[in-house]
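A short worksheet on the structure shown next.
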Amino acid sequence: MNEINKEEFKKDIENYAKVLFRKSIKEASDQEKFQAVSYAVKDIVVDQWMATHKTYEEQDVKTVYYLSMEFLTGRALGNIIINLKGNKAIKEAVEELGMNLDVIEDQEPDAALGNGGLGRLAACFLDSLSTLGYPAYGCGIRYKYGMFKQVIENGYQIEKPDDWLKNGNPFEIKRPEYAVEVKFGGYVAMRKDEFGRDKFVQENYQSVLAVPYDLPVVGYNNNVVNTLRIWDAEAIDTFNLDSFDKGDYQKAVEQQNLARTICEVLYPNDNHMAGKELRLKQQYFFVSASVQRAVAKYMEKHDDIRKIYEKVCFQLNDTHPTVTVSEFMRILVDDYGLEWDEAWSITNKTCAYTNHTIMSEALEKWPLELFSRLLPRIYQITEEINRRFILQIQAAYPGDNSKVEKMAIIYDGQVKMAHLAIAASFSVNGVAKLHTEILKNQELKDFYQMMPEKFNNKTNGITQRRFLLHGNPLLADWVTKKIGDDWITNLAHINELGIYADDELSRKEFMNIKYQNKVRLAKYIKEHNGVEVNPRSIFDVQVKRLHEYKRQLLNILHIMYLYNELKKNPEMDFYPRTFIFGAKASAGYHRAKSIIKLINSVGDVINNDKDIHDKIKVVFIENYRVSNAEIIFAAADVSEQISTASKEASGTGNMKFMLNGALTLGTMDGANVEIVDEVGKENAFIFGLSSDEVIAYEQNGQYNPRDIYNIDSDIRAVMTQLVDGTYASGNLDEFRDIYNSLLDGNGGRPDMYFILKDFRSYADAQKRVEAAYRDEEGWAKSALLNVSKSGKFTSDRTIEEYAKEIWHLEKVTVEVPE
Ligand code: 26W
């Protein structure tokens, strides 16, 4: 990689301040400084970006198109600087110009084009693809407003729009030359093509122009820059209307409205299908644009569309982009005139699907009426796929109609997107071992029995470059001092840290770094929450989306219980604890919002109770997002991964905590199982029902939380406090719904997520945490071992597996001309 020339770089920054803002650096605001520095960094990136694409073209590489409604990339500048290995030169340049790089980085808004796990996974995957030198495009939507900003007012979550583009995005490049048209509505007619053959055409439709914006995805120290291509919608010029429609004022206005709404906002639902028409429009919009462009790009250099699967793979990030299947079929059949069977076989060799959840409310099913009205030609094609798939099912299971009922793509007036994705893909993967087993043996059992060869596991991973190198510079430097810097691109090497777990001095150094990171977080909390927390206390952290299955409620009920114990016995031996939460609730998810209110209310009471001498603090960090996550992971002692077993497909926060030396307090769920495999049960705190036990209770209906309520007076006390005003200042009904959900059900089964059932076992595990923490040496050893055993959980490992076993990509090396 070419060295960064500091003096040139400084000139570049000054020049950007001048041309962008007609200011000197001294006159520029912090935001303007950020822009100027970013443009200067982009200058370096663009050379590598161009060189990468030149190499791709020359070598005619196979490319994966990672299709995803979400890319939760967070801030770009700091990450790009790190991956350019430009940290030293750029930091010096910035400082010599009288600026501070941390302050500059803090000016950048997070690109929050995602909800949580699935979106952040996509971002980690892109980082790994570039770092490993695999040709890839991320394909998504350029939402004008990303994930809402969470403000806590009076303990309640308020959503504010995330206007992340208001100052412009210095890293994006608009590519109008690649714009394509995407059509909605109208009807399908049979017409003759120029050779007199029958051809299906969509008529009287509304269309928008999909315009791509490219963002660079910089690999670590290797000159490789892939592209995250996000699509924006613009109105089609009126003169582009069908000649038939020319001068149709009504239609022109409607099309403008369509263009304005499609990319307006990210749906903030995580694991919940809302069934909104606009969401299906978003899906088809970005899928159609991405697939059209991928096909056109392929055909620029090749003449046989039949071989496209040799150069292109579409990876579907959950079912959200599943219309890819029918859109690709449409292009092959309608535009390229292929026979159905041939088109289907090509589609089957090109598409692969990842499942990220078994929560039934997250499964995407579209009403036929909506689907066929919005996408008439896509609907016809989907119907034909379904017709043929049913024949295939019937051939495999003659006379067994239950198989058709369970597996059909179109059934009961709905299009089932997961069924379409499975039928059309050559690969179906889960995201952790346990999750894949549950898919094979429970949720997708019938599909697995019919097509076992498609199913495989790809355990998730995270990028150590953002979550250790960038997020925890103290620990990163220490690790490098101990074992060299190979871990940055080969996390398996972090294993070499293991020997230092037995070295007293190393343990001290390590715990001192944890302490400094806790001081950094304490300062953040003081600034943002006005709460004083003790960095010598145990930092016990649960940060993730708010969902009942993730059981933030179990955590807070346990805190209420601990508080009761302390009140009963103020002299009891109690190691000071700081409980830290961060979570956004979907705007319409009322119970989740009440749980946020409960956490804040409990915090208000406990934090202000002089009697307990600051032994417990409860902090809710507002607006949890990628940028503050980096600070939080670095400071955690205890990682709360307490989902009801079987419900969390993988989890990826669990891995970020482990990499930063926190111990897992968790259930045997998702990737926790594999974390425990790596560190050993003695270096984690495992509790609760197993996934088999949960599934058995769900099937036999033998669990009644009242039984526990009746016999356990501590639990009863805590439950009563939900409705007796202890935490609700005057409003006895504030938490009534939570109370009812646990004891009566309120819509679902009582205590659907087995909170009371797992309470005692969780409280015991928490006791073990406390005892373990008192043993300083032992804790330091376990924490260090966690770091040293985190090698498996890099997204580099995950991407190597996808690349070798699913995508069949070759690595590329890129030289940048001097
Ligand atoms: C249609 C609404 C909707 C929106 C988002 C349904 C489902 C989703 C996502 C699949 C939810 C999600 O983010 N799932 C998470 O994916 C992570 C990455 O694989 C896993 O680590 C988490 O366990 C899983 O909950």
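The values are calculated or read from the model by the stated rules, or taken from the named source; none is laboratory data. Bear in mind that the values here come from a model prediction, so they are computed numbers and not experimental data. Positions of Cβ are generated from backbone atoms using ideal geometry, with glycine treated the same way; all protein chains shown enter the neighbour counts.
Quick look at the numbers
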quantity: Within the stretch 5-36, considering residues that are without any contact (Cβ under 8 Å) to a residue 24 or more places away in the chain and crowded, with 18+ Cβ neighbours inside 10 Å, the one farthest from K307 (Cα to Cα); calculated: A28
quantity: Selected residue (only one of V45, V61, V103 is closer than 23 Å to G140 by Cα, surrounded by fewer than 19 Cβ atoms within 10 Å (Cβ to Cβ) and more than 16 Å from the ligand (Cβ to nearest atom)); calculated: V61
quantity: Candidate set from the stretch 154-165 (those that are outside any strand (DSSP E or B) and touching a residue at least 12 places away in the same chain (Cβ under 8 Å)); member that is farthest from G582 (Cα to Cα); calculated: L165
quantity: Total residues in the stretch 639-652, condition more than 15 Å from R551 (Cα to Cα) and not in a loop (DSSP other than H, G, I, E, B); calculated: 0
quantity: N87, sole failed condition from (1) assigned by TED's automatic domain parsing to the domain that holds T354; (2) free of Cβ contacts under 8 Å to residues at least 12 places away in the same chain; calculated: (1)
quantity: Test for T319: is it part of a loop (DSSP other than H, G, I, E, B) and either in the same structural domain as D163 (by TED's automatic domain parsing) or in contact (Cβ under 8 Å) with a residue 24 or more places away in the chain (or both); calculated: yes
quantity: Identity of the residue in the stretch 534-552, farther than 12 Å from Y624 by Cα and charged (D, E, K, R), that ends up surrounded by the fewest Cβ atoms within 10 Å (Cβ to Cβ); calculated: R536
quantity: Residue match in the stretch 788-795 (condition: under 30 Å from Q59 (Cα atoms) and either crowded, with 21+ Cβ neighbours inside 10 Å or touching a residue at least 60 places away in the same chain (Cβ under 8 Å) (or both)); calculated: yes
quantity: Candidate set: the stretch 623-656, residues that are among the basic types (K, R) and over 22 Å from L491 (Cβ atoms); chosen: the one nearest to the ligand (Cβ to nearest atom); calculated: K647
quantity: Exclusive hit being within 16 Å of the ligand (Cβ to nearest atom), closer than 26 Å to G582 by Cβ, buried (at least 18 other Cβ atoms within 10 Å of the Cβ) and in the same structural domain as R520 (by TED's automatic domain parsing), set T726, T667; calculated: T667
quantity: Residue among A476, A421 that is among the hydrophobic types (A, V, I, L, M, F, W, C) and either touching a residue at least 40 places away in the same chain (Cβ under 8 Å) or not in a helix (DSSP H, G or I) (or both); calculated: A421
quantity: Of all residues making up the stretch 335-362, the number that are near the ligand (Cβ under 10 Å from one of its atoms), in a loop (DSSP other than H, G, I, E, B) and modelled with pLDDT of 95 or more; calculated: 3
quantity: Number of the condition not met by L126 [criteria: (1) of a type outside the set (V, I, T); (2) crowded, with 20+ Cβ neighbours inside 10 Å; (3) within 22 Å of T794 (Cβ to Cβ); (4) away from the ligand (no atom under 15 Å from the Cβ)]; calculated: (4)
quantity: Some residue of the stretch 309-319 being among the basic types (K, R), more than 13 Å from the ligand (Cβ to nearest atom) and surrounded by fewer than 21 Cβ atoms within 10 Å (Cβ to Cβ); calculated: yes
quantity: Members of the stretch 38-68 that are under 18 Å from V312 (Cβ atoms) and either modelled with pLDDT under 95 or not in a loop (DSSP other than H, G, I, E, B) (or both); calculated: T52, H53, T55, Y56, E57, E58, Q59, T63, V64, Y65, Y66, L67
quantity: Filter result for A89 (more than 16 Å from the ligand (Cβ to nearest atom), in a helix (DSSP H, G or I) and either touching a Gly at 6+ places or on another chain (Cβ under 6 Å) or not β-branched (V, I, T) (or both)); calculated: yes
quantity: Where Y39 falls short, out of the listed (1) surrounded by fewer than 21 Cβ atoms within 10 Å (Cβ to Cβ); (2) touching a strand residue (DSSP E or B) at 6+ places or on another chain (Cβ under 8 Å); calculated: (2)
quantity: Options I612, I642: the member that is surrounded by 23 or more Cβ atoms within 10 Å (Cβ to Cβ) and not assigned by TED's automatic domain parsing to the domain that holds L363; calculated: I642
quantity: Residue match in the stretch 172-190 (condition: part of a loop (DSSP other than H, G, I, E, B) and either under 20 Å from the mean Cα position of the chain (by Cα) or farther than 29 Å from V64 by Cα (or both)); calculated: yes
quantity: Residue within the stretch 574-593 that is in the same structural domain as S650 (by TED's automatic domain parsing), of a type in the set (S, T, N, Q), surrounded by 16 or more Cβ atoms within 10 Å (Cβ to Cβ) and more than 24 Å from G530 (Cβ to Cβ) present; calculated: yes
quantity: Total residues in the stretch 110-123, condition hydrophobic (A, V, I, L, M, F, W, C) and near the ligand (Cβ under 9 Å from one of its atoms); calculated: 3
quantity: Criterion violated by E310 - all others in (1) charged (D, E, K, R); (2) in contact with a helix residue (DSSP H, G or I) (Cβ under 6 Å, 6 or more places away or on another chain); (3) farther than 21 Å from Y143 by Cα satisfied; calculated: (2)
quantity: G413 vs. criteria in contact with a helix residue (DSSP H, G or I) (Cβ under 8 Å, 6 or more places away or on another chain) and more than 16 Å from the ligand (Cβ to nearest atom); calculated: yes
quantity: Answer residue from the stretch 259-270, given it is buried (at least 19 other Cβ atoms within 10 Å of the Cβ) and touching a Lys or Arg at 6+ places or on another chain (Cβ under 8 Å) and is modelled with the lowest pLDDT among those; calculated: D270
quantity: Qualifying position, being surrounded by fewer than 18 Cβ atoms within 10 Å (Cβ to Cβ), in contact with a strand residue (DSSP E or B) (Cβ under 8 Å, 6 or more places away or on another chain) and of a type outside the set (A, V, I, L, M, F, W, C), among D162, D198; calculated: D198
quantity: Qualifying position, being of a type in the set (A, V, I, L, M) and either closer than 18 Å to V605 by Cβ or part of a helix (DSSP H, G or I) (or both), among L553, L546; calculated: L553
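Residues checked against (1) crowded, with 19+ Cβ neighbours inside 10 Å; (2) more than 15 Å from the ligand (Cβ to nearest atom); (3) among the aromatic types (F, W, Y); (4) in a helix (DSSP H, G or I):
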site	(1), (2), (3), (4)
L370	no, no, no, yes
G399	no, yes, no, no
N441	no, yes, no, yes
E453	no, yes, no, yes
